[in-house]
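Novice: Just dropping this structure here.
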Amino acid sequence: MSRSGNAPPPAERPACWVLTDGKAGNVNPALGLAECAGLAITEMSIALARPWVWLPPAFWPPGVLGVDRASAARLTPPWPDVTLSCGRRAIGPALEIKRRSGGRTRTVHIQHPRMAIDRFDLLIVPEHDQLSGPNVEVTCGSVHRVTREKLDLAARDWAGRLAHLPVPRIAVCIGGKNAAYRFDAAVGQAIGADLAKLARDTGAGLMLTFSRRTPPDAAAAIREALAGTATEIWDGQGDNPYFGYLGLADRVIVTGDSVNMVSEAAATGRPVQVIRLPVAGRADKFERFHAAMERRGATRPFGGTLEDWDCQPPDDTQRAADRLRALLSDNGNSAR
């Protein structure tokens, strides 16, 4: 499913190898961009071999593919028109594929590569990474797979199962701790108390999902606080309701520990309020991201009450896809 309009049949689309380490935080942005650009996608989760798994790709010598045997068996000619990589571990193999193709394969990378940018045809980098250049497309947040079409389809699938919830319906996306933010039982208790009061004061129905990173004690505290409210909490079993929750939501509340999660929430076009977690480490990039989203009218902080405003979801994925298609077009728009 693509946002690129009437895409040509797969055989006529540029061939794209999506290269990642298999982690959802890297897979979803890469697939989202490739889908939006209407490319013929081959998804590959690759694993690095020793010693390359430890060595930054900037120091890899030419001729090194750097992957384990199973990955190497798949990374063989015919080479694609473009590699679209996300995550540090995909950089070395992507650059080597470009070299082995004689430069025919274009190299597009999502995120700051932490190396010379002129080695890439195109970089898709969020504003908070503070990188610029002729081959850099700067986004406000992350690119992603969320489209209104997908959300509407998921909403139809989940409408019956969630019909018991009152309106307005609020999707609540709870993340977890990381190097920047603290998320423990005490934080969970505070979040749960705010959400429970909100549900009771407004009569709203809550549709809540936890991340795999949510600490169990924090999740338990939130569950306990929400007991007796009109809340549906996914238990991790069966179909994942994430797109259904976002599709049915009149509003979204999300914790601020994940750029991807906040960016996906903002793509709904609904008012998005962000729960700002206590800072525990270096949070400058996250804080720059949240400030940028608020300046653009995409999000506002959550302080326990709902706010209304003319929300403006970023068009990051579409703009990045337009730049990618231009790169691959016959008239060429390469920054090399």
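The values are calculated or read from the model by the stated rules, or taken from the named source; none is laboratory data. If you're wondering where the values come from, they're calculated on a predicted model, not measured in any experiment. Cβ atoms come from the backbone with ideal geometry, glycine included; neighbour counts cover every protein chain shown. Just so you know, the surface numbers come from the protein's heavy atoms only, side chains and all, with ligands and any DNA or RNA stripped out. Shrake-Rupley method; radii C 1.70, N 1.55, O 1.52, S 1.80 Å.
Novice: Top to bottom by accessible area (1.4 Å), largest first, where do ARG13, ARG100 land? The partial results should precede the final answer.
Specialist: Working: ARG13 65, ARG100 100 Å².
Largest accessible area first, the residues go ARG100, ARG13.
Novice: Would you check the accessible area of ASP157, probe 1.4 Å, heavy atoms only, in square angstrom rounded to 10?
Specialist: 110 Å²
Novice: Okay, moving on. Using only the alpha carbon atoms of the chain, find the Kirkwood hydrodynamic radius as the inverse mean reciprocal pair distance, in angstroms to one decimal. Intermediate values should be presented prior to the final figure.
Specialist: Working: mean 1/r = 0.0475 Å⁻¹.
Evaluated over the chain, this radius sits at 21.1 Å.
Novice: So, one more: Only four residue types carry charge here, +1 at the Cβ of Lys and Arg and -1 at the Cβ of Asp and Glu. Report the dipole size of the chain about the Cα centre in Debye, rounded to the nearest 20. Walk me through the numbers on the way to the answer.
Specialist: Numbers: 41 positive and 36 negative charges, 185 e Å.
Computed charge dipole of the chain: roughly 900 debye.
Novice: Another question, if that's okay. If you count the DSSP beta bridges with both ends in the chain, what percent of them are antiparallel, to the nearest 5?
Specialist: Working: 2 of 44 bridges.
Roughly 5 percent of the beta bridges in the chain run antiparallel, per DSSP.
Novice: Considering every pair of different Cα atoms, what Kirkwood radius, in Å, is found for region 226-329? Walk me through the numbers on the way to the answer.
Specialist: Numbers: mean 1/r = 0.0644 Å⁻¹.
Result for region 226-329 stands at 15.5 Å.
Novice: Per 0.36 nm of contour for each residue apart, how much would the distance between ALA70 and TRP234 grow if the chain were fully extended, relative to their Cα-Cα spacing? Don't jump to the answer; show the numbers that get you there.
Specialist: Details: separation 164, 0.36 × 164 = 59.04 nm, distance 3.54 nm.
Length gained, ALA70 through TRP234: 55.5 nm.
Novice: Sticking with this one: Go ahead and estimate [θ] at 222 nm for the chain from helices alone: -39,500 (n - 2.57) per DSSP H run with n ≥ 4, summed, over the residue count, rounded to 500.
Specialist: On the way: 10 runs with 109 residues, N = 336.
One gets -10000 deg cm²/dmol as the mean residue ellipticity at 222 nm.
Novice: Now, a different point. In square angstrom, what is the accessible area per residue of region 210-336 with a 1.4 angstrom probe? List each step's numbers first, then the result.
Specialist: On the way: 5980 Å² over 127 residues.
Result: 47 Å² of accessible area for each residue.
Novice: In addition: What number, in percent, do you get for the relative contact order of region 92-144 if the mean sequence gap of Cα pairs under 8 Å and at least 6 apart is divided by its residue count? Could you put the intermediate results ahead of the total?
Specialist: Details: 69 pairs, mean separation 13.2, N = 53.
25 percent.
Novice: A further question on this structure: Span-like helices, the chain: DSSP H, alpha-carbon axial extent 20 Å or more, mean Kyte-Doolittle 0.0 or greater, which ones? All intermediate terms of the calculation are to be shown ahead of the outcome.
Specialist: Working: long enough: 185-202 (25 Å, 0.37).
What comes out of the filter, once short or polar helices are dropped, is 185-202.
Novice: Next question, about the same structure. Return a whole-number percent for the relative contact order of region 56-206, with Cα pairs under 8 Å and 6 or more residues apart as the contact set. Show your work: numbers first, answer last.
Specialist: Values: 157 pairs, mean separation 21.5, N = 151.
Relative contact order comes out at 14 percent.
Novice: Excluding LEU48 itself, calculate the net charge of residues whose Cβ lies under 15 Å from the Cβ of LEU48, where each Lys or Arg counts +1 and each Asp or Glu counts -1.
Specialist: Working: positive: LYS23, ARG50, ARG69, ARG74, ARG88, ARG89; negative: ASP21, ASP68, GLU96.
Result for the neighbourhood of LEU48: +3.
Novice: So for region 185-336, taking the charge dipole from beta-carbon charges (+1 Lys/Arg, -1 Asp/Glu), which of PRO278, PHE243, LEU324 sits furthest toward the positive end?
Specialist: LEU324
Novice: Classify region 38-126 as rounded, prolate or oblate from the Cα gyration tensor: take a ≥ b ≥ c as the square roots of its eigenvalues, call it rounded if a/c is under 1.5, otherwise prolate when a/b beats b/c and oblate if not.
Specialist: Details: a/c = 1.39, a/b = 1.04, b/c = 1.33.
In terms of gyration-tensor shape, rounded.
Novice: Further question on the same structure: Looking at region 174-221, which trypsin sites (Lys or Arg not before Pro) are DSSP coil and have at most 16 other C-beta atoms within 10 Å of their C-beta? Write down the numbers at each step before the final one.
Specialist: Working: sites: LYS177, ARG182, LYS197, ARG200, ARG212, ARG213; in loops: LYS177, ARG182, ARG212, ARG213.
Here the trypsin sites (Lys or Arg not before Pro) that fit, given the DSSP loop and packing criteria, are ARG182, ARG212, ARG213.
Novice: With a 1.4 Å probe and all protein chains left in place, how much accessible area per residue does region 103-193 have, in Å²? Mind showing how you got there, number by number?
Specialist: Values: 3650 Å² over 91 residues.
Ligands and nucleic acids excluded, the result is 40 Å² per residue.
Novice: Let me cross-check ASP235: its accessible surface, 1.4 Å probe, with only protein heavy atoms counted, in Å² to the nearest 10?
Specialist: Accessible area of ASP235: about 100 Å².
Novice: Using a 1.4 Å probe on the protein chains only, how many percent of the accessible area of region 157-254 belongs to carbon and sulfur? Don't jump to the answer; show the numbers that get you there.
Specialist: Details: 2210 of 4340 Å².
Answer for region 157-254: carbon and sulfur cover 51 percent of the accessible area.
Novice: Mean separation of Cα pairs under 8 Å and 6+ residues apart, divided by the residue count of region 112-196: what relative contact order is that in percent? Intermediate values should be presented prior to the final figure.
Specialist: Details: 42 pairs, mean separation 12.6, N = 85.
Answer for region 112-196 is 15 percent.
Novice: Please identify every one of the chymotrypsin sites (Phe, Trp or Tyr not before Pro) in region 11-90 that sits in a loop by DSSP and has no more than 14 other beta carbons within 10 Å of its own beta carbon. Walk me through the numbers on the way to the answer.
Specialist: Values: sites: TRP17, TRP52, TRP54, PHE59; in loops: TRP52, TRP54.
Hits after loop and neighbour filter: TRP54.
Novice: Probe radius 1.4 Å, ligands and nucleic acids left out: which of MET115, MET207 has the largest accessible area, and how do the rest follow? Show your work: numbers first, answer last.
Specialist: Numbers: MET115 25, MET207 0 Å².
Descending order: MET115, MET207.
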